[in-house]
Amino acid sequence: MLKQMGYTPGSALGKEGSGRAEPVIMEIKRGRGGIGKEDPVIEKIRRERENDEREKRNVEELMQDFGSRQKERWKSKRIVVNFRKAEAALAQLENRDIVEVEKKEDEDEEKEEEEEEEEEITEEDLLNILLKLRDEYRYCLFCGCQYETMAALISDCPGIDEDDH
């Protein structure tokens, strides 16, 4: 009957030939569960796979979160270190004395950590002091030299930030 209507074996059904090419597969159910009820063993395996995938995604998210927190911590430490270096260079260029306090062992370390927490040095603070060094003294902290002219600074120095160097 299908051949009389123009069907060719192996082609898909439908007016435009976009339907099924293979017949619907029949599954024999061994249990007494209704249509759509999966075999308990298959269902258990499927749930275990879903749980494994969910756990894997959670681990990946935690690793990404940990990595980003570590990068932020490293970046903030680099900002503090570069700020201290820029401060010392500025003091030297301005012919100021750098005040260094003698350290006592444990007490001073704890106080210093508390001071660092209280005094938050931002990237903006670092940028301000770097710009001051460049504009007033033609000095690049990361190149480590003072240029004779502003034109020499602009042409020879790759940029303001540490990333540019």
Once you have the alpha carbon radius of gyration of the chain, what is it after dividing by 2.2 N^0.38 Å, with N set to its residue count?
-> 2.29
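Using a probe radius of 1.4 Å on heavy atoms only, what accessible surface per residue do you get for the range 11-93? Whole Å² is fine. Intermediate results must be reported in sequence, preceding the final value.
Details: 7670 Å² over 83 residues.
Per residue, the range 11-93 has an accessible area of 92 Å².
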From DSSP H assignment alone, runs of 4+ in the chain each adding -39500 (n - 2.57), the sum over residues rounded to the nearest 500 puts [θ] at 222 nm at -19000 deg cm²/dmol
Could you run the Karplus curve 6.51 cos²θ - 1.76 cosθ + 1.60 with θ = phi - 60° over the range 82-95 and give me ³J(HN,Hα) per residue in whole Hz, x for Gly and Pro?
-> 5, 5, 4, 5, 5, 4, 5, 5, 5, 5, 5, 5, 8, 6
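So for I45, I35, I121, what's the accessible-area order with a 1.4 Å probe, most first?
Of I45, I35, I121, the descending order of accessible area is I35, I45, I121.
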Given a 1.4 Å probe and the protein chains all in place, what does the accessible area of D52 round to, in Å² to the nearest 10?
-> 100 Å²
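What's the carbon and sulfur percent of the chain's accessible surface, probe 1.4 angstrom, rounded to a whole number? If you can, show how the numbers build up before the last one.
Numbers: 7210 of 14700 Å².
Reported share for carbon and sulfur atoms: 49 percent.
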Karplus (6.51, -1.76, 1.60) ³J(HN,Hα), θ = phi - 60°, over the range 26-33, in Hz, Gly and Pro reported as x | 9, 10, 8, 8, 8, x, 9, x
Quick one: helix 105-118 against the long Cα principal axis of the chain, what's the angle to the nearest 10°, folded into 0 to 90?
-> 70 degrees
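Taking 0.36 nm per residue of sequence separation and subtracting the Cα-Cα distance, how much length would be gained by fully extending the chain between D163 and E16, in nm to one decimal? Walk me through the intermediate numbers first.
On the way: separation 147, 0.36 × 147 = 52.92 nm, distance 5.95 nm.
Between D163 and E16, full extension yields 47.0 nm more.
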If amide H atoms are modeled at 1.01 Å from N in the peptide plane, then the residues at a separation of 5 or more from C145, or on another chain, having amide H under 5 Å from its own are C140
At 1.4 Å probe size, with no ligands or nucleic acids counted, give the accessible surface of S76 in Å², nearest ten.
-> 50 Å²
So how much slack lies between M26 and Q70, counting 0.36 nm per residue of separation and subtracting their Cα-Cα distance, in nm?
-> 10.3 nm
Ranked by GNM mean-square fluctuation in the chain (Cα springs under 10 Å), the top entry among G19, G33, G144 is G19
Once the piece of chain linking N51 and K77 is laid out straight, how much longer is it, given 0.36 nm per residue of separation minus the C-alpha distance between them?
-> 5.5 nm
Just by accessible area at a 1.4 angstrom probe, what is the order of L62, L131 from largest to smallest?
-> L62, L131
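Can you give the alpha-carbon Rg of the range 1-86 over 2.2 N^0.38 Å, where N counts its residues?
Numbers: Rg = 29.2 Å, N = 86, 2.2 N^0.38 = 12.0 Å.
Normalised Cα radius of gyration, the range 1-86: 2.44.
Of the GluC sites (Glu not before Pro) in the range 46-98, which ones lie in a loop per DSSP and count no more than 16 other C-beta atoms within 10 Å? Display every interim value, and only then the final one.
On the way: sites: E48, E50, E53, E55, E60, E61, E72, E87, E94; in loops: E94.
In loop regions of the range 46-98 (DSSP not H, G, I, E or B), the sparsely surrounded GluC sites (Glu not before Pro) are E94.
The values are calculated or read from the model by the stated rules, or taken from the named source; none is laboratory data. Computed from a predicted structure; not experimentally measured. FYI the Cβ positions are ideal-geometry reconstructions off the backbone, even for glycines, and counts take in every protein chain you see. Just so you know, the surface numbers come from the protein's heavy atoms only, side chains and all, with ligands and any DNA or RNA stripped out. Shrake-Rupley method; radii C 1.70, N 1.55, O 1.52, S 1.80 Å.
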